[in-house]
Amino acid sequence: MKIAIIEDDRNLRDSLRELFSAEGYEVAAAASLREADALDEADLWLVDVMLPDGSGIDFVRKKREESSMPIMILTALDGEDSIITGLRAGADDYIVKPFRAGELLARADANLRRVLPAHYELTSGDVTYSFPDEHIRLRTEELHLRSMERRLLRLLLESRGRLLTREYLLYQLWDREENYVDENTLSVLVSRLRKELGRFQGEDYIETVRGTGYRWRLPCRMGGNQK
């Protein structure tokens, strides 16, 4: 999927490009409204407000008339009036600088989920997880995982390398109709999933952060899967 960034601060623009590229996104960037007008359509727009040749709010209004793709405003303007103006102009989200990279990625993922095609895939290394049928392939072979193992794999893939604490995973995996998930159960699930996935280029897919939780090691790409 493609993300377009409109940001006049070169250092921040380059940092955002690197951040999203590392997550497997195609990234285009512009330093002004004039440059932004030359960009092709994107699946998500990140727009600064104070630009050298005008206001990003005007760009948001114009883009919202042309497209329903999600738009996120990134700005140092933190007043209530500015936030209300941005959202009423058509932005789907409003993030105040400075922001945390993990939060920005999570919000971008959340906004992108609403424009996913009917069939899409998460791909990382040799692993491909297809939706909505929930087929999982390791290279060309289909993996038959238990329900909780599938849920754990999806959480890890969607995290895009962010650290997931044990407490967060326990909450997300709790099966209220069947099984209680405790610390030992989580450890067993991670061990089983590691065994099923094997290793990619000599490393486990899942990294254990001792005393805290787990992290997916590799970049994960999200894309359409035409059927």
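Bear in mind these aren't lab numbers, they're just calculated from the coordinates by the rules spelled out. Just so it is clear, the structure is predicted and the values come from calculations on it, not from any experiment. Cβ placement follows ideal geometry from the backbone for every residue including glycine, while neighbour counts extend to all protein chains displayed.
Computed values, structure above
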quantity	calculated
Any hit, region 74-91, residues being touching a strand residue (DSSP E or B) at 6+ places or on another chain (Cβ under 6 Å), crowded, with 21+ Cβ neighbours inside 10 Å and closer than 30 Å to R150 by Cα	no
Residue under evaluation I95, criteria (1) surrounded by 13 or more Cβ atoms within 10 Å (Cβ to Cβ); (2) farther than 20 Å from E23 by Cβ; (3) among the hydrophobic types (A, V, I, L, M, F, W, C), criterion not met	(2)
Lone unmet requirement of (1) in contact (Cβ under 8 Å) with a residue 24 or more places away in the chain; (2) at positive phi; (3) among the basic types (K, R) for R114	(2)
Scan of region 1-59 for residues that are free of Cβ contacts under 8 Å to residues at least 60 places away in the same chain and acidic (D, E), ordered by number	D8, D9, D14, E18, E26, E35, D37, D40, E41, D48, D53, D58
